[in-house]
Structures are given as C-alpha cells and as structure tokens.
Amino acid sequence: MDAGAGPLEHPAQQDYEERLIQRIRDGEHEAFYVLIRPYEKRVYAAALALLRNGADAEDCAQEAVLKALKNIRQFRSEAKFSTWLIQIAVNEARMRRRKQRSDLIEPIEKDLAEESTYAPREFADWREIPSETLERKEVREKLAEALSSIGEIYREVFVLRDMEQLSIEETAKALGISTASVKTRLLRARLMLRDLLAPGLGGPWSRDLSFAKGVKPW
Amino acid sequence: MVINCERVWREVSDYLDGEVDPELKAAIEEHVLGCQRCTAVVDGLRNVVQLYGDERMMEVPAGFSRRLHQRLEGDMSRSRRTFLGWAVAAAASVLVAGGIEVARSSVFGRPSLRSEHARPSNRVPPDMMVIVAEDGKTFHVAGCPFIHDKPRLRTIPAREAEQEGYAPCVRCMKKYLDATASSGANPPNEKLA
C-alpha cells in the first residue's frame, strides 16, 4: 500500500521501470544501464555513509549494482526498485564492515545513550538556510564531516531516512530493526547533527571556517 | 495540553515527520511560539533534514559512472561473450554517459527544482490548493512543519505552483497523497489555518 514511500515518484516511473526489468529478464541486459542510471548516486551515498571511505564505497556500490543485475529475477514489483537496490547496497556495505572489523579488535559499542534522552546542547538561533548554500563545497564538506562523526547506528538510520528518503518502515526493514528504534535513532541523529552544525561558540563552524568570525555561512 | 521543553525535544523528530497526533502537534506549536530555545531546536532540525535531503549532498567521485559502467560491461561480456552484445552495451554506455552529462548540466541550469527527489508528480491534483512561500522552492499541504515561518505565503492551485517552478515537498505532499490514495477520498482543497 505504501507505494509512494521514499521520494515522490511519477506513477509512470514505476511502470517504466517494470517494463525495463522485464526486458532485462528477457535477456536485454543493456536495459539495465537505463534502469540504474537515476540511482547511481544513491547507491554510492548509502555505501559511503556506512563505510566512510570513498574507495571502499565505490567498490561496494559497484558490487551492489552487479548483484542487483544478477538477482533481477528475484525482484518483486510490489517493492520499488530503488528501495530494493539501496537495500542490496546496505547489505553489501554491512558485510564489508563486519569483515573489516574481524581483522581488527572488535570495538565495544556502547549505546546506552539510545535508552536515555538526548538533550540539545546548542541553542543558537538557526533560521532557514537557503539551499543555495549547498553550492559551496566547504559547506557540503562540513555537512559530510559532521555526518561521519556521529555513531554508526545513528548515521545509517539518518542516511536511509533523510538522504535516501526511505520511509520509516523501509528504513527499519533495510536495517533489520524495529520502527521504534528507527524513530529513536533518527531523533538522536538529527539532534546531534544540529548541535554539531548550529553556529555558536565551540561549534565546528565557528572554529574551522574562515567566514565564521561573527558571520554565519548563510 | 501544555508541554515542557523536554517533551518537545523528545517529539520534535516525529513532529517534523508528521508522526504526532493533532493534539500533540498543536501543543508543540503553541510551546514553540513562546520558547526561544525550542524555536532554535525545531528550526535547526528542519535545516538539518532539508540540507542533507538535498540532491547536492549526494556527490560521487569523478568518473564514478564511467567506472561502474565499465565494470558492468566487463561482467556482461564475460557472461555472454557475444560481440553484438558487447557492441550494444558499449554504445548504450556511451549514450548513458552522455545522458548523465546532459542531465548534470540541466540540473544546474534548472535551480528551481530543489532536488531530483522533488520532481513534479502528476499524482498531485492540479486544482488542489497548496501553500508556497515567495522565496521558497517547494509547495506544501497547509500545516506542513516544513513551511518555515515566512511572512509571504500564498495559497495557489498546484498547477500554478508547478508552472512557477515549485516542486512538491517530499515530506508533506507524499504523506498527503498516500493518505488520500489509500482512503480513496478526493483530495479536498486545503485552506490556510
């Protein structure tokens, strides 16, 4: 029923994708290029969020796309192709992360904080930011840096929900956690990012950016 | 219902996602009106969601598409090894790569669309009344938490909003359309509260 979960999609888009998928299943593999083209960035973004390393993320994204092609017959049209593809990328990234970790000493992840409430620390006024701000590379880099600094369990929920625009249910399914956990982690991720980014004393914006001396970047 | 700051901080994320009941929504809005700290929290969270939700935050390294397609080509040609298949694949990848360049340049030439996610959808009934802000980029259902506290809001039909270059808000419009689609109801004309 939740056909519109994620980005707003043209209803014709899904029909079009279903026809492409049928052509691929019939052996016309070249149609796969057309099918994945709109989602390449999203696959890479999901992999990068989980792996935090560009080269690993690229290899992971390629592998995920290849797996999608190989398993295209298993795709069921009641799901959206984009969601299915992102889920493959998430699984691939998680598998690699586990493998990387097994080579290292297992980090002790204490997420006691998940049960306790997170109170905002930063109350600087942060009015609407014009989206043109994102044309500036240093702003995008600051946002990416803040995102990579928050805990893994928060980062993956935030990326799937707020960047990939999956619904709460789809995010829960992709990560194998409950919708209640998605909501709790999402709240915390958003609050932490806000604290990291809201301009103010001690915030990374005021320390590192040349324009930050009394002038907000927006 | 009267609520305190801590309650607002617990609910603020669900509030932005439209996941709170109308009574709590009203209570949050009333509290925020008179509380500078909570205004900062709600505004900041909204900024976080909007900034990270922008397509420009999804950058890929230079040559990413080309390398992906090369790997796919390699995989496909290994699996089939027919010259015709390879030629078609190579031609398709050139076309696709060209298409991506065209698409990229057209994205920058069309700043009116906030993101690819928010491309106009014919699911929005053209006569439905929606809210736009003069300096905004998206149109909303009345009451959407993503309408910033703006002085110049207009209520216009969706058709006009799209003609003027506004894209549907990925949050409220999607939720609204899903709800009307599942209830089978005709979308009523929304009024400004």
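The values are calculated or read from the model by the stated rules, or taken from the named source; none is laboratory data. Computed from a predicted model, the values in this text were never measured in an experiment. Neighbour counts run over all protein chains shown; Cβ positions are idealised from the backbone, glycine included. We work out accessible area using only protein heavy atoms, side chains counted, and drop any ligands, DNA or RNA first. Shrake-Rupley method; radii C 1.70, N 1.55, O 1.52, S 1.80 Å.
For region A:70-84, the count of residues that are touching a helix residue (DSSP H, G or I) at 6+ places or on another chain (Cβ under 7 Å) and facing chain B (nearest Cβ under 9 Å) is zero. As a summary of the residue check, residue A:171 satisfies the conditions (1) modelled with pLDDT of 95 or more; (2) surrounded by 20 or more Cβ atoms within 10 Å (Cβ to Cβ); (3) farther than 16 Å from residue B:12 by Cβ except for the one numbered (1).
Results for (1) in a helix (DSSP H, G or I); (2) farther than 19 Å from residue A:189 by Cβ; (3) open to solvent by 30 Å² or more (accessible area, probe 1.4 Å), shown as yes or no for each residue.
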residue: B:24; (1), (2), (3): yes, yes, no
residue: B:31; (1), (2), (3): yes, yes, yes
residue: B:48; (1), (2), (3): yes, no, no
residue: B:60; (1), (2), (3): no, yes, yes
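Among the conditions (1) at pLDDT below 95; (2) crowded, with 18+ Cβ neighbours inside 10 Å; (3) out of contact with any Phe, Trp or Tyr (no Cβ under 6 Å at 6 or more places or on another chain), residue B:2 misses just one, which is (2).
Could you tell me which residue of region B:34-46 is farthest from residue A:30 (Cα to Cα), considering only residues that are within 7 Å of another protein chain (Cβ to nearest Cβ) and buried (at least 19 other Cβ atoms within 10 Å of the Cβ)? By that ranking, first place goes to B:40. Selection of region A:35-63 for residues being more than 10 Å from chain B (Cβ to nearest Cβ), under 13 Å from residue A:164 (Cβ atoms) and either free of Cβ contacts under 8 Å to residues at least 40 places away in the same chain or touching a strand residue (DSSP E or B) at 6+ places or on another chain (Cβ under 8 Å) (or both) yields an empty set. Residue pairs, Cβ under 7 Å, 6 or more apart or interchain, first in region A:86-103 and under 10 Å from residue A:64 (Cβ atoms), second open to solvent by 60 Å² or more (accessible area, probe 1.4 Å) and not acidic (Asp, Glu). List them. Matching pairs, first to second residue: A:88/A:67; A:92/A:67. Scanning region A:104-127 turns up no residue that is modelled with pLDDT of 70 or more and either exposed (fewer than 10 other Cβ atoms within 10 Å of the Cβ) or in a helix (DSSP H, G or I) (or both).
Taking the condition outside any loop (DSSP other than H, G, I, E, B), modelled with pLDDT under 85, surrounded by 14 or more Cβ atoms within 10 Å (Cβ to Cβ) and not hydrophobic (A, V, I, L, M, F, W, C), does residue B:99 pass? The answer is yes for residue B:99.
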